[in-house]
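Enquirer: Shown below is the structure under consideration.
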Amino acid sequence: MGYGPRPNEVCALIAEREIPTIYGNYDYAIARDLDDCGCAYITAHDRELGQRSVDWTLAHTDQASKDFMRALPFDLRFNVGETAVHLVHGSPRKVNEYLFEDKPARLYERLAGAERSDVLVFGHTHKPWVRETGGVLFVNCGSVGKPKDGDPRAAFAVLEADADRVSAHIERVDYDAAAVAREVADAGLPSEFADKLVIAA
């Protein structure tokens, strides 16, 4: 619901469809009327754009949506077949920890050693990837909007039970990103957010 033109509709749809959901760093901040989303910005310009987005979202998110997000859990645990899956936003340690694919292997070995589940699914970086380390399948599911890997299509992970284990792959789906980009611009959000929805790197 962050960086987009319809935060209330997003929350209402998830609630209406009763989709099991966790909060992300942006959801956590907006739900509590915080002006810091816990995002890591590289440049002062990016930080300024991010702050404009937070300010806009705070002003355009109703109390029902904030209450909904405030009630969301940090993580979810469930099984796919017989395999235990752990769902978090950033990492099991912190909602806004960035788990990039090129982080040192020892980081993932430590996370695997502390993980009770066989599969750890997360996002936050908006860059999808899948790999196994230390007996744990790490799955970054990417993002449906605000892509950061140069592919404007929506990204999500599919987990499939196969005998006594789970496999994962990333799916890409075209959607009318241009229409959403126009909504972003019309809503008064920074034009850069609209551009990033449709421009492949």
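The values are calculated or read from the model by the stated rules, or taken from the named source; none is laboratory data. Only a predicted model underlies this, so the values are computations on that prediction, with no experimental measurement involved. In this analysis, Cβ positions are derived from the backbone assuming ideal geometry, glycine residues included, and neighbour counts consider all displayed protein chains. In case anyone asks, the SASA skips ligands and DNA or RNA and just uses the protein heavy atoms, side chains included. Shrake-Rupley method; radii C 1.70, N 1.55, O 1.52, S 1.80 Å.
Enquirer: Name the residues in region 150-201 that are under 20 Å from D55 (Cα atoms) and either of a type in the set (F, W, Y) or touching a strand residue (DSSP E or B) at 6+ places or on another chain (Cβ under 7 Å) (or both), would you?
Expert: Once the filter is applied, which keeps residues that are under 20 Å from D55 (Cα atoms) and either of a type in the set (F, W, Y) or touching a strand residue (DSSP E or B) at 6+ places or on another chain (Cβ under 7 Å) (or both), region 150-201 yields only F193.
Enquirer: For region 135-143, state whether one or more residues are in a strand (DSSP E or B), open to solvent by 80 Å² or more (accessible area, probe 1.4 Å) and at pLDDT 95 or above.
Expert: The answer is no; no qualifying residue exists.
Enquirer: I would also like to ask the following. From R70, R32, R52, R17, grab the single residue that is within 19 Å of A157 (Cβ to Cβ) and open to solvent by 50 Å² or more (accessible area, probe 1.4 Å).
Expert: R17
Enquirer: Further question: Can you find, within region 150-170, the residue that is nearest to G4 (Cα to Cα) among those that are open to solvent by less than 60 Å² (accessible area, probe 1.4 Å) and not in a strand (DSSP E or B)?
Expert: Among those that are open to solvent by less than 60 Å² (accessible area, probe 1.4 Å) and not in a strand (DSSP E or B), it is P152.
To keep it simple, each residue is scored yes or no on (1) out of contact with any Lys or Arg (no Cβ under 9 Å at 6 or more places or on another chain); (2) of a type in the set (G, A, S).
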{"residue": "A84", "(1), (2)": "no, yes"}
{"residue": "N96", "(1), (2)": "yes, no"}
{"residue": "R110", "(1), (2)": "yes, no"}
{"residue": "T133", "(1), (2)": "yes, no"}
{"residue": "V136", "(1), (2)": "yes, no"}
{"residue": "V144", "(1), (2)": "yes, no"}
{"residue": "A157", "(1), (2)": "yes, yes"}
{"residue": "D162", "(1), (2)": "yes, no"}
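Enquirer: Within region 73-91, how many residues are open to solvent by 40 Å² or more (accessible area, probe 1.4 Å) and assigned to a loop (DSSP other than H, G, I, E, B)?
Expert: 6
Enquirer: Here's a follow-up. Using the structure shown, decide if V173 is farther than 22 Å from T57 by Cβ and either polar (S, T, N, Q) or open to solvent by less than 30 Å² (accessible area, probe 1.4 Å) (or both).
Expert: Judged against the criteria, V173 is not a match.
Enquirer: Tell me which residues, restricted to region 97-132, are open to solvent by 20 Å² or more (accessible area, probe 1.4 Å) and in a strand (DSSP E or B).
Expert: Those that are open to solvent by 20 Å² or more (accessible area, probe 1.4 Å) and in a strand (DSSP E or B): V130, R131, E132.
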